[in-house]
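Undergrad: The structure that follows is given in the form of structure tokens.
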Amino acid sequence: MARVDAIVDLERLDFGYREGGFRFRIPSLAIARRSAVAVIGPSGVGKTTLLHLIAGILVPDRGLVRVCGIDVAALGDAARRSFRIEHVGLVFQEFELLDYLSVLDNILLPYRISPALRLDAAVRDRARRIADELGIGDKLGRHPDCLSQGERQRVGICRAVLPGPDILLADEPTGNLDPGTKERVLDTLFAYAARTETTLVTVTHDHALLDRFDRIIDFQDIGAAAAKPGDTGHAPAESAR
Amino acid sequence: MRHALFLAWCYLRFHRVKTVILIAAVTLVLYVPIGLRVLVSQSARALTARADATPLVIGTRGSPLELVLDTLYFGANEPAPMRFAEVTRVASSGLAEAIPIYTRFRAGSHPIVGTSLDYFGFRRIEVAAGRQLATLGECVLGANVAATTGLGPGDYVVSSPESVFDLAGAYPLRMAVVGVLARSASPDDDVIFADLKTAWVMAGMGHGHQDLTAPQAANLILERTERTVTANATVVEYNEITAENAASFHFHGDLAAYPVSAAIVVPPDQKASALLRGRYEADDETVLVVRPSTVMSSLLDTVLTVEQYVLAGAALVGVATLGIATLVFGLSLRLRRRERETLVRIGGSRARVATVMAAEIVGVLAVSALATAVLTMLTSAYGATMVRAWIRS
């Protein structure tokens, strides 16, 4: 049963890659709407995998993944892609901008690669407005290789938020940034999430940033929640702030 | 689809050097065999048509191919000259008409063809502007010569000197352009026609100069006998034939010994043709009679054989180039794997992502096909002209 006001609701989640080796289980995890959540833990425990499961990029072997009230695991591939582009905004550590597109076209990219979104003048205006808000409005005609790291990440954030997602999933968004830029990018991300009441789930290794989050999900406490004897799977412990 | 095409266009534009190289390589692979085929077939058609329309050619014994190329296509390699007596010999045989062709001179890059008026009737060439040749010192221009030089009736053409160091050689002759011929899509469009005697004037065999019998020329005379007058070097020799000085032009020596390059022989029927050819088969005969259709057919057989080799070579190069292009496309797709994954992670539809990736290949192939089509059309339009220019050069 879905928990009240949870935008993400995971139940008895069991996932393993086909190649084997890695496996994790999450007995139960809910993320409240409009919250800012940090996911921490050592490399390789499944933080990015968790984001991919929430986004519908990966499908669990068993269990429930309900996001925005939609049973993501039950959707087919095309429906999951449409769900993702409409409800989920993804921000990447490596920015993942296309070098051959201008800043504006990178921001508009979701509208060009999915029939679920329709590109029109209003969207273009919104893209320019968001770019202005994030301080890159004067760089829309440039290509990513002419931008600083911080500017690139802000382009990535613009691209993620343009369709108006319900949840932003950020995978180490400040991992490649210097301390000053890191703060500005996080300020941008938090300010946008707060203003638009968007849920923010961020994977991070930077414990100095944790104070800024409402809640921390720690993957390090393996087995605390659900791993049974003999299991090789991981399950996160969580703490609310 | 338009979004996928837009993204593909952005990709190709951003990687423009790679794109241009790929398009050039694929275009060449496609164009070389197709263009060669079109060029050979068009040239063969044009060459064969003119050869078939020319029954026989006579010229000094030597290379039949050079004789035909010079007489029909006005090539640069003029055969050894033949005596004009051979032209009158054919005519007096009663077996055929003979049309003299003398191609020794040029005006710039255009050959000057000295011939008789019969040539224009034989080739069915009409005058499009001005009038036909009438007197010594006049010329008519082929359609392409008129178009490229901008000359027309009322203008003048000067023949090129053969050698600036040959003081005793042929001097340039300034000829009045009296007409422009109608376009015939043949080598006749690319030459300047003059009367045979005008060409002989260029060769220095006929000339005009001050009247040495006039009283005012008395101080120019070195020696006067019953038959000859010898003057000093200050006698004015004319380099243009005008109405005023035309009467002073005259030819020295026996016209029968004057040179022509060749003659087109037009027998009325096969029998006359066979009889005429029989007369020139003696071993001590200095003149050669050839059927242009036979000579060109032999040349085209050689060309077709060469074409087969070239096509085989082009096919091998094509396979290698397409292999490399496939490798480049494959590597490009591998390099774009991360981009593909990003598009999938963002939520790109399977069809759009595949289209974006494929559009690079399709775009390059489409532009290459378009470029090949354009090049093939240009070859088709100008191929025969190019071959004619190549033969003339």
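The values are calculated or read from the model by the stated rules, or taken from the named source; none is laboratory data. Bear in mind the structure is a predicted one, so any value in this text is a computation, not a measurement. Every residue, glycine among them, receives a Cβ derived from its backbone with ideal geometry; neighbour counts consider all protein chains shown. Only protein heavy atoms, including side chains, enter the accessible area calculation; ligands, DNA and RNA are left aside. Shrake-Rupley method; radii C 1.70, N 1.55, O 1.52, S 1.80 Å.
Undergrad: Leaving out ligands, DNA and RNA, what percent of the accessible area of chain A is carbon and sulfur, probe 1.4 Å? Don't skip to the answer; put the middle values down first.
TA: Details: 4660 of 9890 Å².
Here carbon and sulfur together make up 47 percent of the probe-accessible area.
Undergrad: Same structure, new question: How big is the B-A contact in terms of buried accessible area, both chains counted, 1.4 Å probe, rounded to the nearest 100 Å²? If you can, show how the numbers build up before the last one.
TA: Details: alone 21210 and 11030 Å², together 29920 Å².
So the total buried area for this chain pair works out to about 2300 Å².
Undergrad: When the dipole is taken about the Cα centre of region A:28-110, and only Lys, Arg (+1) and Asp, Glu (-1) are charged at their Cβ, what size is it in debye, to the nearest 20?
TA: Values: 8 positive and 8 negative charges, 95 e Å.
Computed charge dipole of region A:28-110: roughly 460 debye.
Undergrad: So what are the radius of gyration and Dmax for the Cα set of chain B, in Å?
TA: 30.5, 112
Undergrad: Next question, about the same structure. Considering only B:372, B:333, B:143, whose Cα is most displaced toward the positive end of the charge dipole of chain B, charges sitting on Cβ of Lys, Arg (+1) and Asp, Glu (-1)?
TA: B:333
Undergrad: Follow-up. To the nearest 10 degrees, how steep is helix A:121-133 against the longest Cα principal axis of chain A, on a 0 to 90 scale?
TA: 80
Undergrad: To continue, here is another question. So how strong a dipole does the protein assembly as shown carry about its Cα centre when Lys and Arg Cβ are +1 and Asp and Glu Cβ are -1, to the nearest 20 debye? If you can, show how the numbers build up before the last one.
TA: Working: 65 positive and 67 negative charges, 522 e Å.
Result for the protein assembly as shown is approximately 2500 debye, rounded to the nearest 20.
Undergrad: Rounded to the nearest 10 Å², what accessible area does residue B:151 have for a 1.4 Å probe in the complete protein model?
TA: The accessible area comes out at roughly 50 Å².
Undergrad: Net charge around residue B:138, counting only other residues with Cβ within less than 10 Å of its Cβ (Lys, Arg = +1; Asp, Glu = -1)?
TA: Working: positive: B:131; negative: B:195.
Net of charged neighbours comes to 0.
Undergrad: Report, to the nearest whole %, how much of the accessible area of region B:326-393 belongs to carbon and sulfur atoms, 1.4 Å probe, protein only.
TA: On the way: 2670 of 3680 Å².
That fraction is 73 percent.
Undergrad: Sticking with this structure for a sec: Within 10 Å of each Cβ in peptide B:1-8, how many partner chain Cβ atoms are there on average? Round it to a whole number, please. Please list the in-between numbers first.
TA: Details: counts 0, 2, 8, 2, 0, 5, 7, 1.
So the per-residue partner count for this stretch is 3.
Undergrad: For region B:66-198, what does the accessible surface come to per residue with a 1.4 Å probe? Please give it in Å². Could you put the intermediate results ahead of the total?
TA: Values: 5540 Å² over 133 residues.
Ligands and nucleic acids excluded, the figure is 42 Å² per residue.
Undergrad: Between region B:1-60 and region A:184-215, how many Å separate their Cα centres?
TA: 60
Undergrad: For chain A, set up a GNM with springs between Cα atoms under 10 Å and report which of A:189, A:97, A:147 has the largest fluctuation.
TA: Of A:189, A:97, A:147, the Gaussian network model singles out A:147 as fluctuating most.
Undergrad: May I ask which residue of B:309, B:92, B:172 lies farthest towards the positive end of the charge dipole of chain B, with charges of +1 (Lys, Arg) and -1 (Asp, Glu) on Cβ and the Cα centre as origin?
TA: Going by the Cα projections, it comes out as B:309.
Undergrad: Determine the sum of side-chain charges near residue A:135: Lys and Arg each +1, Asp and Glu each -1, restricted to other residues whose C-beta is under 12 angstrom from that of residue A:135. Numbers along the way, then the final one.
TA: Values: positive: A:139, A:154, A:184; negative: A:132, A:133, A:138, A:151, A:187.
Spelling it out: positives minus negatives among the neighbours equals -2.
Undergrad: When the accessible area of region B:1-68 is split by element with a 1.4 Å probe, what percent falls to carbon and sulfur? Walk me through the numbers on the way to the answer.
TA: Numbers: 2410 of 3360 Å².
Using a 1.4 Å probe with all protein chains present, region B:1-68 comes out at 72 percent carbon and sulfur.
Undergrad: What is the sum of charges around residue B:98, taking Lys and Arg as +1, Asp and Glu as -1, for the other residues whose C-beta is under 10 Å from the C-beta of residue B:98? Let's see the in-between values first.
TA: On the way: positive: B:89; negative: B:86, B:97, B:118.
Its environment carries a net charge of -2.
Undergrad: I need the Kirkwood Rh of chain A: take the reciprocal of the average 1/r across all distinct C-alpha pairs and report it in angstrom. Before the final figure, lay out the partial values.
TA: Details: mean 1/r = 0.0544 Å⁻¹.
This gives a value of 18.4 Å.
Undergrad: What residue among B:15, B:207, B:250 has the largest mean-square fluctuation in a Gaussian network model of chain B, using Cα springs under 10 Å?
TA: Greatest mean-square fluctuation among the candidates belongs to B:15.
Undergrad: Now for a different question. How many Å² of accessible area per residue for region B:276-340, probe 1.4 Å? Kindly include the intermediate steps, with their values, before the conclusion.
TA: Numbers: 4110 Å² over 65 residues.
Dividing the accessible area of region B:276-340 by its residue count gives 63 Å².
Undergrad: Any chance you could give the angle, 0 to 90 degrees and rounded to 10, that helix B:16-52 forms with the longest Cα principal axis of chain B?
TA: That helix lies at roughly 40 degrees to the long axis.
Undergrad: Given a 10 angstrom Cα cut-off, can you work out which residue in B:183, B:350, B:104 is the most mobile in a GNM of chain B?
TA: Top of the fluctuation ranking is B:350.
Undergrad: Continuing with this model, one more query. Using +1 at the Cβ of each Lys and Arg and -1 at the Cβ of each Asp and Glu in the protein assembly as shown, identify which of B:296, B:23, A:162 lies farthest towards the dipole's positive end.
TA: A:162
Undergrad: What's the magnitude of the charge dipole for chain B around its Cα centre, counting Lys and Arg as +1 and Asp and Glu as -1 at the beta-carbon? Answer in Debye, nearest 20. The partial results should precede the final answer.
TA: On the way: 34 positive and 33 negative charges, 660 e Å.
With Lys and Arg at +1 and Asp and Glu at -1, about 3160 debye.
Undergrad: Another question about this same structure. Which of the trypsin sites (Lys or Arg not before Pro) found in region A:92-173 are loop residues per DSSP with 12 or fewer other Cβ atoms within 10 Å of their Cβ? Please report the intermediate quantities before stating the final value.
TA: Working: sites: A:112, A:118, A:124, A:126, A:128, A:129, A:139, A:142, A:152, A:154, A:159; in loops: A:118, A:142.
For trypsin sites (Lys or Arg not before Pro) across region A:92-173 that sit outside H, G, I, E and B with at most 12 neighbouring Cβ atoms in 10 Å, the list reads A:118.
Undergrad: Between their Cα atoms, which of A:47/B:18; A:47/A:139; A:139/B:18 are more than 29 Å away from each other?
TA: On the way: A:47/B:18 39 Å; A:47/A:139 33 Å; A:139/B:18 26 Å.
Distance filter (> 29 Å) returns A:47/B:18; A:47/A:139.
Undergrad: Now for a separate question. Let me know the mean shielding of A:108-119 by other chains, meaning the per-residue number of their Cβ atoms within 10 Å of its Cβ. Intermediate values should be presented prior to the final figure.
TA: On the way: counts 2, 6, 4, 1, 10, 15, 9, 4, 2, 1, 0, 3.
The mean count of partner-chain Cβ atoms within 10 Å per residue comes to 5.
Undergrad: Here's something else I'd like to know. Averaged over B:346-359, how many beta carbons belonging to a partner chain fall within 10 Å of each residue's beta carbon? Walk me through the numbers on the way to the answer.
TA: Values: counts 17, 21, 8, 9, 3, 4, 5, 3, 0, 1, 3, 0, 0, 0.
What the average comes to for B:346-359 is 5.
Undergrad: Rounded to the nearest Å, what's the spacing between the alpha carbon centres of region A:67-111 and region B:245-312? Just the number, please.
TA: What the calculation gives is 80 Å, centre to centre.
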